[in-house]
Amino acid sequence: KALPTQEKYMARARELGMSWNGTTNTERVNYFFTTTTDHLNDAMVFMRDAIVSPLFDQKELEKEREVVVGEIDRNMSSPFYHLYHEVQDRVWWKYPSYKNPLGDAKTVRAATAKKMKTIQERYYVPNNSVLVVTGDVTAKDIFAQADKLYTGWKKAEDPFVKHPLVQHPALPKTEVLVVEQPVKTVHGQMVWHGPSTVGKDVDLTYAADLLGTALEEPSSRFQKALVDSGACTGASI
């Protein structure tokens, strides 16, 4: 609402010397802004306005939908994406769309301003968010600014209480999947359900992360046996 057109938004970002981007994953969405320290205060306001009071202009939305469809097309041109997508659909067999944040062209083109507003009001709330500021700043100053800037951003219902996540059922059987694409390498995977971030096994997810990190160390027996030996060009868990 503070910068109600894309032109004004872009002009203000240039004034602040900002670069920005965002990523979407199955477990989180993030937006990040980078600028020089002399623009810190204005950048904090810019970020607050962008997060707290977005406008969903229908014409802008129509243009952005095609941008996202272009992202989907680029993914479809990658042989690895086809393997990834086919594996995901089998591993999360009952609710595969919950593990596909990119969606498909049909769902993207069906997006409306009303749907965007519903998502924003449900999930983009302070009690489901974290603000991270790093660089040439002091913690005291950042906390003071955050307290002032976000006072009007009111806590909402916990979205995962009112709209609980689905429970992905166990894999019913072992499957072998072969995906053929025009590549001159072989990529093999073994995929299974690990501990869930939902429920009583949360602590085990840290052990799983630690295991993966340890096995990716160049000094690990795993790497020496598979990569240093020349058997594979890369290996990871």
- For helix 58-76, report the angle its Cα long axis makes with the longest principal axis of the Cα atoms of the chain; keep it between 0 and 90° and round to the nearest 10°. 20
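Tally Lys and Arg at +1 and Asp and Glu at -1 over the other residues with C-beta under 13 Å from the C-beta of residue 59: what net charge comes out?
Net local charge, residue 59 excluded: -4.
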- Note on the structure: If each K or R counts +1 and each D or E counts -1, the residues other than residue 31 whose Cβ falls under 15 Å of its Cβ total 0
- By a straight-distance test (C-alpha under 16 Å), which aspartates and glutamates pair with residue 59 as possible cross-link partners, with residues fewer than eight away in the same chain excluded? 7
- What accessible area per residue, rounded to a whole number of Å², is obtained for the range 114-207 using a probe radius of 1.4 Å? 85
- Dividing the alpha-carbon radius of gyration of the chain by 2.2 N^0.38 Å (N being the number of residues), what value is obtained? 1.24
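Given only helices, namely DSSP H runs of n ≥ 4 each adding -39500 (n - 2.57), what is the per-residue ellipticity at 222 nm of the chain, to the nearest 500 deg cm²/dmol?
One gets -13000 deg cm²/dmol as the mean residue ellipticity at 222 nm.
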- Query: How big is the accessible area of residue 187 in square angstrom, nearest 10, if you roll a 1.4 angstrom probe over the protein chains?
  - Reply: 100
- Members of 148/200; 200/224; 94/154; 8/154 lying beyond 30 Å, as alpha-carbon distances in this model show: 148/200; 200/224; 94/154
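Considering only protein heavy atoms, with the full assembly of protein chains and a 1.4 angstrom probe, order 51, 237 by accessible area, largest first.
237, 51
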- Query: So how exposed is residue 20, as accessible area in Å² (1.4 Å probe, rounded to 10)?
  - Reply: 100
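I need to check one value: relative contact order of the chain, counting alpha carbon pairs closer than 8 Å and at least 6 residues apart, in percent.
Values: 156 pairs, mean separation 36.6, N = 237.
Contact order relative to length: 15 percent.
The values are calculated or read from the model by the stated rules, or taken from the named source; none is laboratory data. Since the structure is predicted, the reported quantities are computational estimates derived from the model, not experimental observations. Neighbour counts run over all protein chains shown; Cβ positions are idealised from the backbone, glycine included. Surface accessibility is based on the protein's heavy atoms, side chains included, excluding ligands, DNA and RNA. Shrake-Rupley method; radii C 1.70, N 1.55, O 1.52, S 1.80 Å.
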